[in-house]
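Engineer: If you scroll down you'll find the structure; I have some questions about it.
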Amino acid sequence: MAKVMTIRGEVTGDELGIVDYHEHLCFDAPGWLLREDRDFRLNDVEKSAAELRTWAQAGGKTLIEMSAIDFGRNIHKVKQVVERVPDVHIIVITGFNKPYFCDRWVWETDEAELVKRCIRDIAEGIDGTDMKAGVMKGGSGYNTFNAYDKKLMRIAATVHNETGVPIITHTEAGTMGFEQVDYLASNGVEPRRVCLSHLDRNPDFWEHRRIAETGAYLGYDCPGKVKYGPDELRNNVLKRLIDAGFGKQILLGNDLGRPSYWRSYGGGPGLDFVLTKFIPRLRDEGVSERAIEDMLVHNPCRFLTDGE
């Protein structure tokens, strides 16, 4: 079976187990962002490790740490978290989140140089370490697909084409997902190597179906975040997608990028919400065990290993 790169080295697909496809464990948010919103100070190794432990106890095995270069990725702190919870596989990423988070240097740096930096993260290691990225990230803004958005997506496409690592994108409030897939495809990326994050921020079955029809994966990562709408809305779309035959293209996560989402930081719903609350609700609403196992285990394995 094909192997997947984690922070501690390669593992085979059958070792991944239950996967949280989109998460944040510990990062150093840019100073300007913290001045605007202090609820991005997710940087306490002990608290993050304590919460990760509860997720592992709920059955979680592999987590993709999605903190990008422009979002304050700190590979050293992530390593410290991993050392405290060694039974969990952590996959880290390279690339950029969205134009809003990017400092001026991203726009002033030649695209080829940014590509080289990301490839170095994958081939050699991140920030002078031997810890390698296993996923590429790119993203776009809210209902925009302008020159800045396209630069980030082209970087993601080029890095994928040169390294083969899959791409997980940021969609702002679930918008422009179809456009992202179309643009990446025009730059040589097969849709089955792409997963779009945050689509359940925009629980629109018609939109999700046309994305799924391309072959891309759909990321649902807002369960429990009532401020983005009740789970009833995302569940209804999710169940319709399964009934329409797209259940093998859905990935689940939490995307808890704010300390106010973590119980260890005094908030909620907590890192284990998907496993302890959301999945039982799906069962209660009639979603089959086979479909649940696909979303938690088989789909992320297939996405990360390219189906091998």
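The values are calculated or read from the model by the stated rules, or taken from the named source; none is laboratory data. Note that this is a predicted model, so its numbers are computed, not measured. Counting neighbours? That spans all protein chains shown, and the Cβs are built from the backbone with ideal geometry, glycine included.
Engineer: Determine the pairs where a residue that is basic (K, R), located within the stretch 48-76, has a partner that is surrounded by fewer than 24 Cβ atoms within 10 Å (Cβ to Cβ) with Cβ atoms under 7 Å apart, the partner being 6 or more residues away or on another chain.
Structural biologist: That search, which allows pairs on different chains as well, returns R53/V85; K61/L16; K61/G17; K61/I18; K61/V88; K61/H89; R73/F27.
Engineer: Residues that are touching a His at 6+ places or on another chain (Cβ under 6 Å) and at pLDDT 95 or above, at least 2 per element: which helices (runs of 4 or more DSSP H) completely within the stretch 1-107 meet that? Show your work before the answer.
Structural biologist: Working: elements: 31-36, 45-57, 75-84.
Ranges flagged: none.
Engineer: Quick one: V159 ticks every box in (1) crowded, with 24+ Cβ neighbours inside 10 Å; (2) over 19 Å from A112 (Cα atoms) bar one, so which box is it?
Structural biologist: Unmet for V159, out of (1) crowded, with 24+ Cβ neighbours inside 10 Å; (2) over 19 Å from A112 (Cα atoms): (2).
Engineer: Looking at S260 and the list (1) assigned to a loop (DSSP other than H, G, I, E, B); (2) in contact (Cβ under 8 Å) with a residue 12 or more places away in the chain; (3) surrounded by fewer than 19 Cβ atoms within 10 Å (Cβ to Cβ), which single condition is not satisfied?
Structural biologist: Going through the list (1) assigned to a loop (DSSP other than H, G, I, E, B); (2) in contact (Cβ under 8 Å) with a residue 12 or more places away in the chain; (3) surrounded by fewer than 19 Cβ atoms within 10 Å (Cβ to Cβ), S260 breaks only (1).
Engineer: Applying the selection to the stretch 107-130, what residues are within 18 Å of H76 (Cβ to Cβ), surrounded by fewer than 22 Cβ atoms within 10 Å (Cβ to Cβ) and touching a Ser or Thr at 6+ places or on another chain (Cβ under 9 Å)?
Structural biologist: Selection gives R117, R120.
Engineer: Failed condition for T129, given (1) at pLDDT 95 or above; (2) under 20 Å from the mean Cα position of the chain (by Cα); (3) outside any helix (DSSP H, G or I), with all others met?
Structural biologist: Result: T129 passes all but (2).
Engineer: For the stretch 247-254, does any single residue satisfy the condition of being buried (at least 20 other Cβ atoms within 10 Å of the Cβ), part of a helix (DSSP H, G or I) and among the β-branched types (V, I, T)? Talk me through it step by step, then tell me what you get.
Structural biologist: Within the stretch 247-254, the subset buried (at least 20 other Cβ atoms within 10 Å of the Cβ) is 247, 249-254.
Adding the requirement that they be part of a helix (DSSP H, G or I) leaves 247, 249.
Retained after the next criterion (residues that are among the β-branched types (V, I, T)): none.
Checked the stretch 247-254: no residue is buried (at least 20 other Cβ atoms within 10 Å of the Cβ), part of a helix (DSSP H, G or I) and among the β-branched types (V, I, T).
Engineer: Restricting the stretch 178-199 to residues that are of a type in the set (D, E, K, R) and closer than 18 Å to P300 by Cβ, which is surrounded by the fewest Cβ atoms within 10 Å (Cβ to Cβ)? Explain how you work it out, then say what you get.
Structural biologist: At the first step, the residues of the stretch 178-199 found to be of a type in the set (D, E, K, R) are 179, 182, 190, 192-193.
Then keep just the ones that are closer than 18 Å to P300 by Cβ; that gives 190, 192-193.
Details: E190: 14, R192: 16, R193: 22.
The extreme case among them is E190.
Engineer: Just the residues that are more than 14 Å from R258 (Cα to Cα) and among the aromatic types (F, W, Y), please, taken from the stretch 39-70.
Structural biologist: Scanning the stretch 39-70 gives a single hit, W55.
Engineer: Same structure, new question: Which one is farthest from the chain's Cα centre (by Cα), of the residues in the stretch 170-227 that are under 22 Å from G268 (Cα atoms) and assigned to a strand (DSSP E or B)?
Structural biologist: The qualifying residue farthest from the chain's Cα centre (by Cα) is Y220.
Engineer: Note down all Cβ pairs under 8 Å where the first residue falls in the stretch 285-308 and is in a loop (DSSP other than H, G, I, E, B), the second is surrounded by fewer than 17 Cβ atoms within 10 Å (Cβ to Cβ), and they're at least six residues apart or on different chains.
Structural biologist: D306/A2; D306/G164; D306/R192; G307/R192; E308/M1; E308/A2
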